[in-house]
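Structure first, then comments.
Coordinate-derived values only; no laboratory data. Everything numeric here is computed off the predicted structure, so don't read it as measured data. Don't worry about glycine lacking a Cβ; one is built from the backbone with ideal geometry, like all the others, and counts go over all protein chains shown.
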Amino acid sequence: MIPSVVNGQEFDITSVDRKIVSHIHDSEWNISVAMSGGGVGFIHKLLSTVGASRTVIDVAIPYSAAALRRYLGYCPEAYCSVETASDLAVAAYASAVKLPGIDGHKLLGVGITAALATDRSRQGGDRCHISIAGPDINICRSIEFKLGDNDRDKQDSIVSKLALLTVTEALKLNSDDSVLELASQFHDEYLGKEGPNIEHWLSGLLEGRLDVLAQSVEGHIGVINSSPRALLSGSFDPLHAGHKQLAAVASDTLDTNVDFELSVINVDKPPLGNTVISERMNSFCGYARIFLTRAPTFREKARLFPGTTFVVGIDTAIRLIDSVYYTDTMDMRLALKEINEQGCGFLVAGRSLKDGFLGIGDISIPSEFSDMFTGIAESEFRNDISSTDIRNLRS
């Protein structure tokens, strides 16, 4: 259990608090908050300090169990838990990022769920969980108050201070003197709490509560961060040298980093299971960022990643312009039109198929969509390695 002693101090809004909040307001980041059960002092600190309108996008307080279920879109197993705080943070982020003028690269979702001193019977002790969701950010900090430490105002003040400290951690303001002074009021145990495990994130994706997850190069899991400029989509069963070579060539061609995307939902196959997803994600740790989605088609991918260039093989390009893979020819044209309207396009690599090597010049693209497709010359990239062949060799 994490001790609740915070050097015996009573917390009001202090000059240290205001200095920290001023740093947050000057950071050019936006914050969207969803809280249930406690932490009202955190909102007071944010809103009562000059500059709040630059930072705070939204504050949601789904306080009752029914309101919390409606806000999350599901019934959590525990209303005050690391997982629920994380889902509140993700929901707050997802709600704000859809608003006009909001930059998802500079947005934090803050989720607070608390069970503080009460006059009714309740399972579990007094506690609080604070979660931050944002670009490559998945932070959770927790407090469990000691039995008998039942001053609700003091508990809420401590929760609010810890929420403030957790935001500064996400914004990498840790070295500021005011932040260090605030951090010194907390025991080290507060600063090392892990966020939800990967199973929780994946269940949210598979159950449809989340549309996208991002895994950083370092292996950190969180909500979508900066939108990718180029994506190489695939099943990566397994990730092999051909994928890596194509990503490198595409990166040089497009003059940008190429990320990867794996859809856990397939058009004609069952959804991938947690174990399979984890194994494939692990292959990217230390190499590249990968996005997990519920988007099996490029029409759906374009909705999630507007302005992105999708790096594909010629076999995929053929399917994109073949009405057999749609309801009819009109559906194909509508899909390509929507992808184009999202500002997306395709960088196409040739490969050897049953009829020999095929490149972009060997397929017939409808004229109104030809500008969406750019080919990679065979002299720049040719790698006929096949995932199927690799799997067969392993069996």
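With contacts taken as Cα pairs under 8 Å at a separation of at least 6 residues, the chain carries a relative contact order of 13 percent. What the phi angles of the stretch 64-72 give under the Karplus curve with 6.51, -1.76 and 1.60, with θ = phi - 60°, is a coupling list of 7, 4, 5, 5, 5, 4, 5, 5, 7 Hz, glycine and proline written as x. For the listed peptides 289-301, 39-51, a ranking on the average number of other beta carbons within 10 Å per residue, highest first, reads 289-301, 39-51.
Remark: SER263, SER95 ranked as SER95, SER263, counting other beta-carbon atoms within 10 Å and listing the fewest first.
Restricting to the stretch 15-196, compute how many DSSP beta bridges are antiparallel as a %, nearest 5.
60
Near VAL311, the amide H atoms lying under 5 Å from its own belong to LEU231, LEU232, SER233, LEU347; only residues 5 or more places off or on other chains count, and H is placed 1.01 Å from N.
Among the DSSP beta bridges whose two residues both lie in the chain, what percent are antiparallel, rounded to the nearest 5? That works out to approximately 45 percent antiparallel. This model, with +1 at the C-beta of Lys and Arg and -1 at the C-beta of Asp and Glu, gives the chain a dipole about its Cα centre of some 520 debye. Ranked for footprinting exposure by Cβ neighbours inside 10 Å, fewest first, TRP201, TRP29 give TRP29, TRP201. Converting phi to 3J(HN,Hα) with the Karplus coefficients 6.51, -1.76 and 1.60 and the offset θ = phi - 60°, the stretch 241-258 yields 4, x, 4, 5, 5, 5, 4, 5, 5, 4, 4, 5, 5, 8, 6, 7, 5, 10 Hz in sequence order, with x at every glycine or proline. Give me the distance in nm between label points sitting 7 Å out from Cα along the Cα-to-Cβ direction at ASP362 and ASP268, one decimal. For the pair ASP362/ASP268, the computed spacing is 2.2 nm. Here's the picture: a label point sits 7 Å out from the Cα of LEU353 along the beta-carbon direction, and within the stretch 372-395 the residues with their amide nitrogen under 17 Å of it are 373-378, 382-388. Taking all Cα pairs closer than 8 Å and separated by 6 or more residues, the relative contact order of the stretch 15-196 comes to 25 percent.
Only one residue of GLN215, ILE363, ASN266 has its Cα farthest out toward the positive end of the dipole of the stretch 199-394, where Lys and Arg carry +1 and Asp and Glu -1 on Cβ, and that residue is GLN215. Measuring r between the beta carbons of ASP151 and ALA52 and using R0 = 35 Å, the FRET efficiency lands at 0.80. When the chain is treated as a GNM with alpha-carbon contacts under 10 Å, the residue of ALA60, ALA34, ALA78 showing the greatest mean-square fluctuation is ALA78. In plain terms, the C-alpha convex hull of the chain casts an average shadow of 22.3 nm² when viewed from every direction. First measure r as the distance between the Cβ atoms of GLU378 and ASN282, then evaluate 1/(1 + (r/R0)^6) with R0 = 25 Å and state the FRET efficiency to the nearest 0.05. Once the sixth-power term is evaluated, E becomes 0.15.
Add -39500 (n - 2.57) for each DSSP H run of 4 or more in the chain, then divide by its residues: what number comes out at 222 nm, to the nearest 500 deg cm²/dmol?
That comes out to -10500 deg cm²/dmol.
Highest average first, the peptides 230-239, 135-144, 359-368 ordered by how many other beta carbon atoms sit within 10 Å of their residues are 135-144, 230-239, 359-368.
Extension gain ASP328-VAL217, at 0.36 nm per residue separation less the Cα-Cα distance, in nm?
Working it through step by step, the gained length comes to 36.0 nm.
Each of the peptides 120-133, 156-169, 242-255 was scored by the mean count of other Cβ atoms within 10 Å over its residues; in descending order, highest first, they stand as 156-169, 120-133, 242-255. With each label point set 7 Å from Cα along the Cα-Cβ vector, what nm distance links SER175 and GLU199? It is 3.9 nm. Neighbour counts of other Cβ atoms within 10 Å put MET281, MET330, MET35 in the fewest-to-most order MET330, MET281, MET35. Between the Cα long axis of helix 15-25 and the first principal axis of the chain there is an angle of about 20°, rounded to the nearest 10.
Between GLN123 and SER370, the distance separating the two model label sites (each 7 Å from Cα on the Cα→Cβ line) works out to 6.5 nm. For the stretch 118-166 versus the stretch 330-395, the inter-centroid distance based on Cα atoms is 51 Å.
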